[in-house]
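Contents: one structure, followed by commentary.
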Amino acid sequence: MTKSKINLIIDALMLLCVAAITGIGLLIKYVLVPGQARWAIYGRNVELFFWGLDRHQWGTVHLTIGLVLITLLILHIILHWTMILAIYRCLILNRLIRRIIVVVLICLTALFLVFSCFVKPEVREGGRGREQGWRGFGRRISRTESSQVPAPQVTAVSVCWIVHTSKSKSEPNWEV
C-alpha cells in the first residue's frame, strides 16, 4: 500500500474519531444530563441510558476514542514529518527562535499530558435527594471538617487502574 493511501485512511479515521467525540460529547452534555439537571427535567432522580450505557460509560467511550485519535494524529505527523520540517524552516528562518519554539511546544505538550496525574480534587459535601436542592453539591467543607476525615488520594493515575463495574441493582430508591 502506498504512503498516499495510508495517509488517506488515517485522515478518514481521524475525521470519524472527531465526529464521534463531538457526537458523544453532545450526547453526554444535552441528553444524558447529570443528576441536578435530571431533577429539574424529570422532577425526580432517574437513571438515563442510551444503547444500554449511562453517561459515565459513554464518557469512557469518549476517552477511548480520544486516545485513538491521538494515536492516529501521531501517525499522521510521522507520515508528514519531512514536510513539517521543511515548512517550519521556511516560516522561521532564525535557528535560535526555531529551537526556542520547539522547546516551548514540547514543554507545554508534556505539561498538558501529565498534569491530570498530579491534580487533587476539591472536596465538597454532597447531598442526596431533593432536600438539598437540585443544584446538589452546595456547601464547602471547612478546613476543620476536612481535617477530621482523611481524604482519599485520588489522581488520574489511580483512576485509570479502576475497572468500571456495573451499578448494583439494589441501590436505594430516592424518589419522594
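Just so you know, all these numbers are worked out from the coordinates, no wet-lab data involved. Everything numeric in this text was worked out from a predicted model, so none of it was measured. In this analysis, Cβ positions are derived from the backbone assuming ideal geometry, glycine residues included, and neighbour counts consider all displayed protein chains.
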Computed from the beta carbon distance with a Förster radius of 41 Å, FRET efficiency for L63 and L91 to the nearest 0.05 stands at 0.75
Charged-residue dipole, Cβ positions (Lys, Arg, Asp, Glu), segment 3-119 about Cα centre, Debye nearest 20: 440
Give a quick list of trypsin sites (Lys or Arg not before Pro) in segment 21-97 that DSSP marks as loop, anything other than H, G, I, E or B, with at most 14 other Cβ atoms within 10 Å. R44
